[in-house]
Amino acid sequence: MKEPRGFERIWHLYRQGGWAPALASVFDARTAQQMAFIRSVMRESRRNDWFDRRLDELEVVVFDLETTGFFPHAGDEIISIGAVLVHGERIGDEKFYTLVNPRRDVPENIQQLTGITDEMVRAAPELLDALHDFLRFVRHRVLVAHGSGHDKRFLNSALWRTSKINLAHRLLDCIMLAKWLFPDRGRYDLDTLLADFGIEITRRHHALEDAVMTAHLWIKLVREAFRRGVPTLGDLYLQLGRSLA
């Protein structure tokens, strides 16, 4: 017997058991499509070689996550994602923000820190939906974060649980860049660097606001790197590698 497709399959499942299995088939297909898209973005990211791209022409996505804690392997979850597109040395109008349903309570101290409540996340998109939309915004561009280890751990955990894949994008850390450029500074936390560079601190611990402030910091650091004779992404990686040696 020929396997029914599309609406015929939904109608067939409805006649067999009602709307529940029929709707489940739609959501299963949607989930499969989202997973396939995420995996395709990762494959495309591996193919792209950005090393010859000039820093003042490089498109990057600066992003930030808010989470319930610090340890994804211990049950902590992403509760919001914010990102902004930067064209060379200009912050674009393209921005991304979403809350994420963590399927758990948000600790009281995190609610006070971020302003994100249990009620807000209960109505938020599921993790796979949020990842799909975030990666649709990012595509294959280079990623930038401040203290990227935290964000990478959570993204890898989320991507593996939802799509059985790890992050394949190039990910640059403003802390590493600042340490190379200014090795004698005592502190490299975001608040200190924002103040040192005269960048207005708007709203901290909000994923989009933090991403925008980090984008301003990224531009300042890139300009300094360029001034020191580091014109391309490949040159930047070379310098960062030497600074860690």
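The values are calculated or read from the model by the stated rules, or taken from the named source; none is laboratory data. Quick caveat: nothing in here was measured; it's all calculated off a predicted structure. Here the Cβ positions follow ideal geometry from the backbone for every residue, glycine too, while neighbour counts run over all protein chains shown.
Before we move on, is Phe154 part of a helix (DSSP H, G or I), touching a residue at least 40 places away in the same chain (Cβ under 8 Å), within 20 Å of Leu113 (Cα to Cα) and in contact with a Leu (Cβ under 9 Å, 6 or more places away or on another chain)? Answer is yes for this residue. Exactly one residue out of Gly186, Gly198 is modelled with pLDDT of 95 or more, surrounded by fewer than 16 Cβ atoms within 10 Å (Cβ to Cβ), of a type in the set (Gly, Ala, Ser) and out of contact with any Asp or Glu (no Cβ under 8 Å at 6 or more places or on another chain), and it is Gly198.
The single condition among (1) crowded, with 19+ Cβ neighbours inside 10 Å; (2) in a helix (DSSP H, G or I) that Asp129 does not satisfy is (1). I want to confirm something. Restricting to segment 110-126 and keeping residues that are in contact with an Asp or Glu (Cβ under 9 Å, 6 or more places away or on another chain) and outside any helix (DSSP H, G or I), which single residue is surrounded by the fewest Cβ atoms within 10 Å (Cβ to Cβ)? The qualifying residue surrounded by the fewest Cβ atoms within 10 Å (Cβ to Cβ) is Pro125.
Across segment 200-245, which residue is nearest to Glu59 (Cα to Cα) among those that are assigned to a loop (DSSP other than H, G, I, E, B) and over 22 Å from the mean Cα position of the chain (by Cα)?
Checked segment 200-245; the qualifying residue nearest to Glu59 (Cα to Cα) is Pro231.
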